[in-house]
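Asks: The following block contains the structure, expressed as structure tokens.
The values are calculated or read from the model by the stated rules, or taken from the named source; none is laboratory data. Everything numeric here is computed off the predicted structure, so don't read it as measured data. Heads up, the Cβs are rebuilt from the backbone with ideal geometry, glycines too, and the neighbour counts pull from every protein chain shown.
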Amino acid sequence: MTEVQITIQLPNQVESMEQLEAVIDVKGQQIKPQLFEHQLASLIQRQKAAAEDVACPECKKRAIFKGYQHRQLKTRFGPTFFALPRLKCQPCGRLFQLNSGCLADLKALAEANISPGLKQVAIHCAAAWPYRQAQQSIQRLIGVAISHEQIR
């Protein structure tokens, strides 16, 4: 279990419960992507550290760390950014990414660019409205821009 401490500044006075609810909602929406990115970076670093002796999937020789591939994933609470470690096989020259644990899921998700939670929201919206209207509703309600093609 990871413990994260956050400091949030809230106004001393609010005029109504509606304003208080709006302030808390905005602060919550700002925190969620930060928490997701922090925890994801921590998981990626642990996977990278555990993968000191990774074998090339092609020739089975030892690979070395070769930087990061920066990606974006759209989630229910906005876009999040992360970097997947890349490895290079010295003998055959193949570049590849770690593909174990949550990183296997992450690679597949990054290619679609949409999280399972946001996909569920899109499915529910698409069931209620035409695709373009669903897209506009998601943008307005959640603040995430996804194409109407991703909703299909």
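Asks: Test each condition in (1) under 20 Å from the mean Cα position of the chain (by Cα); (2) modelled with pLDDT under 90 for K27 and report the one that comes out false.
Replies: Tallying (1) under 20 Å from the mean Cα position of the chain (by Cα); (2) modelled with pLDDT under 90, K27 fails exactly one: (2).
Asks: The conditions are (1) part of a helix (DSSP H, G or I); (2) among the aliphatic types (A, V, I, L, M); (3) modelled with pLDDT under 85, and M1 fails exactly one of them. Which is it?
Replies: Of everything listed in (1) part of a helix (DSSP H, G or I); (2) among the aliphatic types (A, V, I, L, M); (3) modelled with pLDDT under 85, M1 misses just condition (1).
Asks: A follow-up question, please. So if I check each of R140, R46, R71, which one is in a strand (DSSP E or B), among the charged types (D, E, K, R) and at pLDDT below 90? Full working, then the answer.
Replies: Values: R140 fails: in a strand (DSSP E or B); R46 fails: in a strand (DSSP E or B).
Of R140, R46, R71, the one residue that is in a strand (DSSP E or B), among the charged types (D, E, K, R) and at pLDDT below 90 is R71.
Asks: (1) surrounded by fewer than 18 Cβ atoms within 10 Å (Cβ to Cβ); (2) modelled with pLDDT under 85; (3) not assigned by TED's automatic domain parsing to the domain that holds Q30: which one isn't true of P130, the others all being true?
Replies: (2)
Asks: Residues in the range 74-91 that are in contact with a helix residue (DSSP H, G or I) (Cβ under 8 Å, 6 or more places away or on another chain) and either under 17 Å from L43 (Cα atoms) or not in a strand (DSSP E or B) (or both): how many?
Replies: Filtering the range 74-91 for residues in contact with a helix residue (DSSP H, G or I) (Cβ under 8 Å, 6 or more places away or on another chain) gives 74-85.
Imposing the further condition that a residue be either under 17 Å from L43 (Cα atoms) or not in a strand (DSSP E or B) (or both) reduces the set to 76-77, 80-85.
Within the range 74-91, residues that are in contact with a helix residue (DSSP H, G or I) (Cβ under 8 Å, 6 or more places away or on another chain) and either under 17 Å from L43 (Cα atoms) or not in a strand (DSSP E or B) (or both) number 8.
Asks: A further question on this structure: Is there a residue in the range 25-42 that is among the small types (G, A, S) and surrounded by 13 or more Cβ atoms within 10 Å (Cβ to Cβ)? Write out each step before concluding.
Replies: Pass one, the range 25-42, residues among the small types (G, A, S): 28, 41-42.
If we keep only those that are surrounded by 13 or more Cβ atoms within 10 Å (Cβ to Cβ) as well, we get 41.
Taking every residue of the range 25-42 in turn, at least one turns out to be among the small types (G, A, S) and surrounded by 13 or more Cβ atoms within 10 Å (Cβ to Cβ).
Asks: Applying the selection to the range 51-73, what residues are free of Cβ contacts under 8 Å to residues at least 12 places away in the same chain, more than 10 Å from L87 (Cα to Cα) and either surrounded by 12 or more Cβ atoms within 10 Å (Cβ to Cβ) or within 16 Å of the chain's Cα centre (by Cα) (or both)? Spell out the reasoning first.
Replies: First, pick out the residues of the range 51-73 that are free of Cβ contacts under 8 Å to residues at least 12 places away in the same chain: 52-53, 55, 60.
Then keep just the ones that are more than 10 Å from L87 (Cα to Cα); that gives 52-53, 60.
Within the range 51-73, no residue meets the criteria.
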